[in-house]
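Written below as structure tokens is the structure these notes are about.
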């Protein structure tokens, strides 16, 4: 049985490896079959077939029929989706509980201590990094905002304002409550609803249309997007982060002049 590679790759979303995918597809095409038959039509070695079928049975993809020779029955794909979804949710809940317990544990205290000691040894010129992919970039942006002590300054594009409202509002709100000054510069064509939403967690001013996107925190750290979000897919959106107080302070002065206008 010939199965396109692209189709097999898509089955990774079900949590299956290559052999599992091939045997499951083979069984779906037959309805019921023996391990030997499935091995022959899927090109999975017989020495591996039984182990792989046992794994599929444990995951709920197939049913083992009683009798000799042992035969296997395929579970409906729609039912498999529900089972996989249930398992993913259960595993996510378990991991969340474990992480919640770690929050105030001795392990985390020790890890923080190690990190703080390590930071002292880092040369200031090493406090920088590059990010590819909007999700990774926003993860670091959130981290910067969480650590803000005095100020958070954001300039963004029209679509960028909508994204930041969704991803950063709760974090900016906490920063504001902690006494952090939040300023957001948005283009004139930005959504009025989004502007009103962000005005509740900081001060929003609108400028002439711009594609510039950056964030400054405490006049020490700068996070700068290098690409035009109108022309770049989220997976290829690129940004750089640098902690350089002298440079960021100068950059901040330029922004302040624009802000006062």
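Within the stretch 127-162, the set of residues being in a strand (DSSP E or B) and crowded, with 21+ Cβ neighbours inside 10 Å comprises 152, 153, 154, 155. For the stretch 60-80, a residue qualifies if it is part of a helix (DSSP H, G or I) and touching a helix residue (DSSP H, G or I) at 6+ places or on another chain (Cβ under 8 Å), and the qualifying residues are 77, 80. Within the stretch 222-241, how many residues turn out to be over 15 Å from residue 139 (Cα atoms) and either free of Cβ contacts under 8 Å to residues at least 12 places away in the same chain or surrounded by 15 or more Cβ atoms within 10 Å (Cβ to Cβ) (or both)? Within the stretch 222-241, residues that are over 15 Å from residue 139 (Cα atoms) and either free of Cβ contacts under 8 Å to residues at least 12 places away in the same chain or surrounded by 15 or more Cβ atoms within 10 Å (Cβ to Cβ) (or both) number 5.
Values in this text are rule-based calculations from the coordinates and carry no lab data. Computed from a predicted model, the values in this text were never measured in an experiment. Every residue, glycine as well, gets a Cβ built from its backbone with ideal geometry; the counts of neighbours run over all protein chains shown.
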